[in-house]
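**Q** Take a look at the following structure, please.
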Amino acid sequence: MNRRPWLVGITGASGTPYAASVLRGLIDAGEPVDVMVSQAARLTLLDETGHSVRDRHWREDLSGWLERDVADVRYWPVGDLAAGPSSGSYRTRGMIIVPATTATVAAVATGVTHNLVQRAADVTLKEGRKLVVVLRETPLRVSTLDNLRTLAAEGAVIMPASPAFYAGARDVAALVDFMAGRVLDQCDVDHDLYLRWTGTLGAARSGVEWGVRVE
């Protein structure tokens, strides 16, 4: 089988719009995607967006949430520890955890995993594949900083959900897309989610100016 998907794990931290933007970016780029949604993430998703993702109706639920055709998306129930992503022999391009809870970070850092998101991340690291962890928490305890350092030392990319304001963002959606775009940059996936810095103040695209104009 030639299909090599990106794994996307969604956990219970606030920030499900980040997950939606990342997933849309992957789908729009023609990338195959495998999705896993933790039990806590389902509650957060419902609270933040009014959408839910149910195991039996995942295709219609994901399509409605993302407003995209999910024909090349595969869904794995988070409790299915016999799922493909549980094994290193299941070939993937890597994994993105967005948003990532501190509990997920701790589980992956220690190798004590309890659900498919955590196990898939553990497998991704042991196989030497790309793992991007989008932490959404502040402030951080020393134990969490230690766990993040452990993951970074093993090759994971640590990306706190820290959107920037220099790319012409004028609303929350643009800030979300900026962060999602930076995640996709780490995965070498093409997108047009934000304006790239060119080193020129007052740069403009599509008639929208941003930065500080120097006369």
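Rule-based calculations on the coordinates, nothing more; no lab input. Predicted, not measured: the structure shown is a model, and the values here were computed from it. Here the Cβ is made from the backbone with ideal geometry for all residues, glycine too, and neighbour counts use every protein chain on show.
**Q** Find, among the chymotrypsin sites (Phe, Trp or Tyr not before Pro) in region 140-186, those assigned to loop by DSSP (not H, G, I, E, B) with at most 16 other beta-carbon atoms within 10 angstrom.
**A** Values: sites: Phe165, Tyr166, Phe178; in loops: Phe165, Tyr166.
Qualifying residues, ordered by number: Phe165, Tyr166.
**Q** Can you pull the Kirkwood radius for region 103-156, inverse mean 1/r over Cα pairs, to one decimal in Å? Don't skip to the answer; put the middle values down first.
**A** Details: mean 1/r = 0.0894 Å⁻¹.
This gives a value of 11.2 Å.
**Q** Starting from the Cα-Cα distance between His57 and Phe165, subtract it from 0.36 nm times their residue separation and give me the gain in nm to one decimal.
**A** Working: separation 108, 0.36 × 108 = 38.88 nm, distance 3.74 nm.
Full extension of this stretch gives 35.1 nm more.
**Q** A further question on this structure: What span do the alpha-carbon atoms of the chain cover on each of the three principal axes, reported in whole Å from largest to smallest?
**A** Largest to smallest, the principal-axis extents are 62, 41, 36 Å.
**Q** When only Cα pairs under 8 Å and 6 or more residues apart are kept, what is the percent relative contact order across region 6-209?
**A** Working: 348 pairs, mean separation 46.6, N = 204.
23 percent.
**Q** Which order do the peptides 118-128, 40-50 come out in when sorted by mean C-beta neighbours inside 10 angstrom, highest first?
**A** Numbers: 118-128: 21.0, 40-50: 15.9.
So the peptides 118-128, 40-50, ranked by packing, come out 118-128, 40-50.
**Q** Using only Cα atoms, find the angle between the long axis of helix 39-49 and the longest principal axis of the chain, and express it within 0 to 90 degrees, rounded to the nearest 10.
**A** Computed tilt is about 30 degrees.
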